[in-house]
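All of the numbers you see were taken from the coordinates with simple rules; none came from a lab. What you see is a predicted model; the values in this text were computed from it and never measured. All Cβ positions, glycine included, derive from the backbone under ideal geometry; neighbour counts span all protein chains shown.
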Amino acid sequence: MKRGFVLAALALALTGCVNLGSRTGTPTVVYYVLNDAAPAAAEAASVRADAPTLLVLDTATGSFYDTDQLIFSRRAGTRGQYQLARWTERPGKRFSNLMRARLDRQGVWHVSAAGGYVRGDVLLDTELVEFYHDAVSQPGTVRLVLRAELVDLKQRKLLGRRVFEQQVALTTYDAAGAAQASSQAVSRALDELTAWLATLQ
């Protein structure tokens, strides 16, 4: 009886070891950092004391894009999510931080996040309308569509509204390629956005 119990316990222990061992072979999630691919200046340009204060709202996203998962599309009108690829930060929030950093480096505005105690002269409102890996054909492209509005807070009027579109080809047909192309698309969108804002000053 004792011998049977010992054999059964040994079998269970071995089964547990096999299960634990198989876990090492399971795929792991890779986290990617969304970056502004433009080289950062050594230091931000100095801002004039009388420069306007620009309040920058966090970039809005649609509910499906408000996730840390990378999004792709294999057929027109459809969207999916990479199972083993994540952003370290949700794209809308990350884009906001990159945008504020880029505007800060320009030295044209006093830049601040909206919603705090700082009173602003103008308000920048942005939305990531589309941000995904278009994989209809390999290796595909990253498609980014950004809507932006600039509002004069003192006169309570819209100064300008524009939609920016970027498509960046992937170098490799995988999540790493999609992440790299995404950063390039963000950088190009910020190039266009900052150039557009300069025309509205």
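Hull volume per residue, based on the alpha-carbon atoms of the range 29-199 and their convex hull, is 122 Å³. Compared with the direct C-alpha span, the chain from T28 to E192 gains 55.4 nm at full extension, assuming 0.36 nm per residue. The range 116-180 gives an Rg/Rh value of 1.22, both radii derived from C-alpha positions and Rh following Kirkwood. Under the criterion of Cα pairs below 8 Å and six or more residues apart, the relative contact order for the range 29-199 equals 25 percent. Looking at the range 85-156, the trypsin sites (Lys or Arg not before Pro) that sit in a DSSP loop and have at most 11 other Cβ atoms within 10 Å of their own Cβ are R119, K154, R156.
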